[in-house]
1. I need a count of the residues in the range 401-433 that are surrounded by 21 or more Cβ atoms within 10 Å (Cβ to Cβ) and either under 16 Å from Gly46 (Cα atoms) or within 13 Å of the chain's Cα centre (by Cα) (or both).
2. Would you pick out the residues in the range 240-250 that are outside any loop (DSSP other than H, G, I, E, B) and loosely packed, with under 11 Cβ neighbours inside 10 Å?
3. Would you call Gly154 buried (at least 18 other Cβ atoms within 10 Å of the Cβ) and more than 23 Å from Pro302 (Cβ to Cβ)?
4. Could you list all residues from the range 513-538 that are part of a loop (DSSP other than H, G, I, E, B), touching a residue at least 60 places away in the same chain (Cβ under 8 Å) and at negative phi?
5. Determine which single condition Trp177 fails, assuming it passes every other condition in (1) buried (at least 16 other Cβ atoms within 10 Å of the Cβ); (2) of a type outside the set (Gly, Ala, Ser); (3) at pLDDT 95 or above; (4) under 29 Å from Ala277 (Cβ atoms).
6. Can you tell me which residue among Ala540, Ala532 is among the small types (Gly, Ala, Ser) and surrounded by 17 or more Cβ atoms within 10 Å (Cβ to Cβ)?
7. Can you tell me which residues in the range 274-299 are surrounded by 14 or more Cβ atoms within 10 Å (Cβ to Cβ) and among the small types (Gly, Ala, Ser)?
8. Need pairs with beta-carbon distance below 7 Å; first residue more than 16 Å from His248 (Cβ to Cβ) and within the range 261-273, second part of a loop (DSSP other than H, G, I, E, B) and basic (Lys, Arg); sequence gap 6+ or separate chains.
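The values are calculated or read from the model by the stated rules, or taken from the named source; none is laboratory data. Note that the structure is a prediction, hence the values are computed from the model and not measured. We place every Cβ from the backbone using ideal geometry, glycine too, and count neighbours over all the protein chains shown.
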Amino acid sequence: MVKCQNCLVLSIVVAEKTEWGSDVSLAVRKYALQNSLEYEGKGQSGSVLGRLLSEREDLRSKAKSLMELVHLEVIRANSIALERGIEAVRLELESIDPSAVNREKHRKNEGLRDLPGDTSEVVLRFAPNPNGPLSIGHSRGVVINSKYAEDYEGKMVLRFDDTDTKVKPPLIEAYAWIEEEYEWLSGRPADVIVKASERMPIYLKFARKMIEKKLGYVCRCKAEDFRKIREEKTNCHCRDRSTEENLHDWERMVDGKIVEGGAVVRVRTDMTLPNPALRDWPALRIQHSPHPLVGDRYKVWPLLDFQSAIEDHEQGVTHIIRGKDLMDSTRKQTILYDNFGWTYPETLYWGRVKVNEFGGFSTSSIRKSIEEGKFSDWKDPRLPTIKALKERGFEAQSLREFWSDIGLTQKDISISMKTIESFNSSIIDSKCERRTFVSNPVELDLETEVKIGGVKIPRHPDKKILGNRNWEIGKSILIQSSDLDTEHLRLKDFANIEISGTNFSIHSYDRIDNRKIIHWIPSNLSKKCILAIPIKEELAETTGFIEDFELRIGEVYQFERLGFARVESIDDEQVRIVWLHN
């Protein structure tokens, strides 16, 4: 039995609004209580919806209609915390699902688990391919690795894995982009920056050494022939060639005298190993495509597993954090390390994270879409790039908190952007000034000739930003056409009005009844505004009017009924804003 009056009222309202089955309603209530418990009575609707949709994929198509129920349950849960204490939230959550309390305990007590092994001098690395800027997926690597480096007072290496000149050719601008985005996400620059393409002599030296010590060999088999040999667990005839023959072909590869596909260098393993991927795996191949940084200086380039292993050793990397889909890379590289007598770094894994709104995406596919004109550039607000998120107004701290909250789990999970948005909302709410946006406007004229004067409206409703927006009201105002469903309205922060046709009159400045409160703008303080809303692969635009009070390009404001949006441009004719989130 709910003991507080407000909670009782909210429970009745929630019950009246519920059009879902009891299982859905109970799931929403569970996650609302869980979120309120985790954040000390300050639960967020976006986070609750994200958790619900992760559990119930069948509800994703109904996410929009679920929001009202989610919002009411979040208000109810936060009210219980406020009026009866956080322990009351815990008790009600336990009565629904005792296991749901454990998530809060795990997150608060453990966070990112301790690094294994020797942590006296921790060195971690983040190694993107510079074939484009960073995406949401990349941000996980930046956040988790840099957080560990900070916690252990260690070192972070930003390494550009740019030795593929053909399939994923580097984009020359991406090097600077990634350095800037890395610093934005982690809050500080990397301790060491390495471009693999500029360290080619090191990789070629170790490849030659590997051949000299008979740890590797030059294979002239065709790819399809070697695939059959590998499946049959037999040795190719190239393994039996002498060191001198291998070195001869190696020099011809380096000099560009063997065509692409004509030879590869393989790491000598055991062709009877249970895992086919480990059987004499390829370490270097021929590529004659020029590189944007070093031109056509090199004809032989290392594959990623070889280059990454050598560079990790050269940089003294102690811990590698990577996706569980790269476990075979760990196994291959461990063989290489054993061959050279090195100790392989401690390795931790995470599972896949799918962002529902973006589905599957890759930097290569985004790059192709931009080249085809489907998106304007890498900053297009419809894209999951860090450039796009920054352009829309996301704070780096929201991504840091989001990935830290997920932590290191090998479980594959699906999340909604609503979850990231909830982290961002809690960060920016206190520092975003309020403004008004009116869509589908109707202009109402003041019936009297008496001058009304000015109105002072707070820059922030909770006074977290001091000062007011000073409105001088002229002879007309703009309101949203959807609000013309009654003749008796209250203009927010101003007065009760009566509407007659296209005119209005002041009824009372005091709030003396329960008439509907609406947002509005004086006509003389309004400016035409284009609102751009990214919806999947579409960029919907709507026209309205914005409160033209000290607007600044690049600033994020919170708008009545709209949520947060960032001012993209201002000219004499209009303002353009891009929607961020609720």
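1. At the first step, the residues of the range 401-433 found to be surrounded by 21 or more Cβ atoms within 10 Å (Cβ to Cβ) are 402-403, 416, 418-425, 432.
Next, only the ones that are either under 16 Å from Gly46 (Cα atoms) or within 13 Å of the chain's Cα centre (by Cα) (or both) stay: 402-403, 416, 418-425.
The qualifying residues number 11.
2. Filtering the range 240-250 for residues outside any loop (DSSP other than H, G, I, E, B) gives 240, 243-250.
Asp240, Glu244, listed by residue number.
3. So Gly154 fits the description; yes.
4. Once the filter is applied, which keeps residues that are part of a loop (DSSP other than H, G, I, E, B), touching a residue at least 60 places away in the same chain (Cβ under 8 Å) and at negative phi, the range 513-538 yields His519, Glu537.
5. (4)
6. After ruling out the rest, the residue left standing is Ala532.
7. So in the range 274-299, the residues surrounded by 14 or more Cβ atoms within 10 Å (Cβ to Cβ) come out as 278-288, 291-294, 298-299.
Listed by number, the list holds a single entry, Ala283.
8. Arg268/Lys214; Thr269/Arg279; Met271/Lys233; Met271/Arg279; Thr272/Lys233; Leu273/Arg279
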